[in-house]
Structure formats: structure tokens, C-alpha cells
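The values are calculated or read from the model by the stated rules, or taken from the named source; none is laboratory data. All values reported here derive from a predicted model rather than from experimental measurement. Here the Cβ is made from the backbone with ideal geometry for all residues, glycine too, and neighbour counts use every protein chain on show.
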Amino acid sequence: MSDECISPLRRRMIEDMTVRKFTLKTQSDYIRVVKNFTIFLGRSPDTASNEDLRRFQLHLSEKRVGAPTINLTISALRFFFTVTLDRTDAVKHLTFVAEPRKIPVVLSPEEVVRFLEAAPGVKYKAALSVAYGAGLRVSEVATLKVSDIDSERMMLRVEQGKGRKDRHAMLSPVLLDLLRDWWRIARPTAWLFTGQDPYRRASSPGPAMLQPSWRRSESASPRTPRGIALQRICWSRIPISE
């Protein structure tokens, strides 16, 4: 959307969110909420009263909108009225909805093995194993670098994860061996999971912390029976944390 199409009120809200370093997704969600409220109201949202906001939340409840969506709507409207419009009293009737807590589905070790074996390739098996074994999100796995692996302290460094925060994740010896085997196959130099051919050979040596856990030889090539057997042994140990 060009600047000419953005109203001064929306531009001010975007500026308020930019100053507070909201992510682009959060900004898009908040703008969409205010737009939906404007459609419900039928006029400019800055003219809304306390009763209008109350009716809008009641409208969402009657439409059986999920609790996460309602809470996102409340957060967006609170920001819009308290920050952009400086009308703190307008949102006093908006209340967050308690989200139901459900027991998560926990896979058995055998189910995890079958799930990982269904991956279409070695790269995807390694990436899914990192997500499962270290508890990383998809975006965190995709941005994982070779230098983020600390084999001395057995940790994975996650840069700018959820909430734009750095953190460390535990790295088990089994997962470290798996990542070493993946490095031996793909030889990534920067990003750990690239889109290159996993069997492409690189001329430059890799870092010492990711050197293969077993000595390389022609008989241990990933295309030989011994190499395939070693990979199968490695995959069979993935769900076991140490």
C-alpha cells in the first residue's frame, strides 16, 4: 500500500508500533484488527465510545470467535486507543478471555522414529531432529548457523528467537553426532540447513567442532552399505535424550 492510500490515523498507528519495534507480523495483525473494528462500527474508529468497544467484543463472542483471536483483538484495540489516540478510559470494558488448556499429545519414541524416517531427505531429517531434540521453532531451525553449535558446552545458540531474544538450547551427544554427520554430507559453511545438494562436496575444510564423529574413508561413504548402516544407527537413536 502506497503512502497516498494510508490515512493519517493509520500512519500514526504504524509509527507508534515502529517506534516500539513491533514485528511486521504484529503490525499487520494490529492493523487488521482496527480495520475489522472500523467495518463493524461503520465510521472512523477514533469516534468510537466505550459502549462501541463493548458491543464489538460481544459481537466476537456471539460469532464464537476463538479465545486467541479475541485476545489479539483486545491487545490491538488497547494499543490503538491508549497509545495512538491517548484514550485510556475507552478500553476499560475490554477484557481478555481465558484460553482453555489442553494436555498436549506426546509421541512415543517409536512414533518419533517413524515420523523422522518419513522425512524426504537427510537434510529434513536433521532439521526435524533439531526441532524435536532441542525444542527449536521452525524459524529458529531455518536460521541456525554452523557457528551456533557449541560442542564444548553442548549447547545450541538461538539468535533472535521468539520475542527477539537470544537463548541457548541443550544439545545432546546423540544430536551432536547427527549434526556432525549432516555436516559431513553437506559441508555447509554458514547456514546449517541450506538448499544445496546434500551430497555436494566442498573443497574447504569445516570447523573442528563439526568434524565427523567417525573417521572418513571410502568404505564409510554415505553411498556405500557401511555409510547407510551408520546413518540408520544414528537415526534410530534420535528420540533418546542424554
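Among the residues of segment 170-183, just one is surrounded by fewer than 18 Cβ atoms within 10 Å (Cβ to Cβ) and within 15 Å of residue 148 (Cβ to Cβ), namely 170. Against the conditions (1) assigned to a loop (DSSP other than H, G, I, E, B); (2) farther than 30 Å from residue 134 by Cα, residue 77 satisfies every one except (1). Across segment 124-143, the qualifying residues are those that are in contact with a strand residue (DSSP E or B) (Cβ under 7 Å, 6 or more places away or on another chain) and part of a loop (DSSP other than H, G, I, E, B), and the one among them that is surrounded by the fewest Cβ atoms within 10 Å (Cβ to Cβ) is 135.
Every test in (1) surrounded by fewer than 16 Cβ atoms within 10 Å (Cβ to Cβ); (2) within 29 Å of the chain's Cα centre (by Cα) is passed by residue 49 save one, and that test is (2). Of all residues in segment 41-69, those satisfying the criterion of being of a type outside the set (D, E, K, R), within 18 Å of residue 95 (Cβ to Cβ) and not in a loop (DSSP other than H, G, I, E, B) are 50, 53, 56, 57, 58, 59, 60, 61, 67, 68, 69. Got at least one residue in segment 158-168 being more than 30 Å from residue 59 (Cβ to Cβ), of a type outside the set (Val, Ile, Thr) and not in a loop (DSSP other than H, G, I, E, B)? Checked segment 158-168: at least one residue is more than 30 Å from residue 59 (Cβ to Cβ), of a type outside the set (Val, Ile, Thr) and not in a loop (DSSP other than H, G, I, E, B). Scanning segment 95-123 for residues that are of a type in the set (Lys, Arg) and either in the same structural domain as residue 68 (by TED's automatic domain parsing) or part of a helix (DSSP H, G or I) (or both), we see that the one that is modelled with the lowest pLDDT is 123. Check whether at least one residue in segment 134-141 is polar (S, T, N, Q) and either modelled with pLDDT under 80 or touching a helix residue (DSSP H, G or I) at 6+ places or on another chain (Cβ under 7 Å) (or both), and report yes or no. Scanning segment 134-141, I find no residue that is polar (S, T, N, Q) and either modelled with pLDDT under 80 or touching a helix residue (DSSP H, G or I) at 6+ places or on another chain (Cβ under 7 Å) (or both), so the answer is no. If I ask for residues that are in contact (Cβ under 8 Å) with a residue 24 or more places away in the chain and either under 12 Å from residue 84 (Cβ atoms) or not in a loop (DSSP other than H, G, I, E, B) (or both), which ones from segment 21-30 would you list? Selection gives 29, 30.
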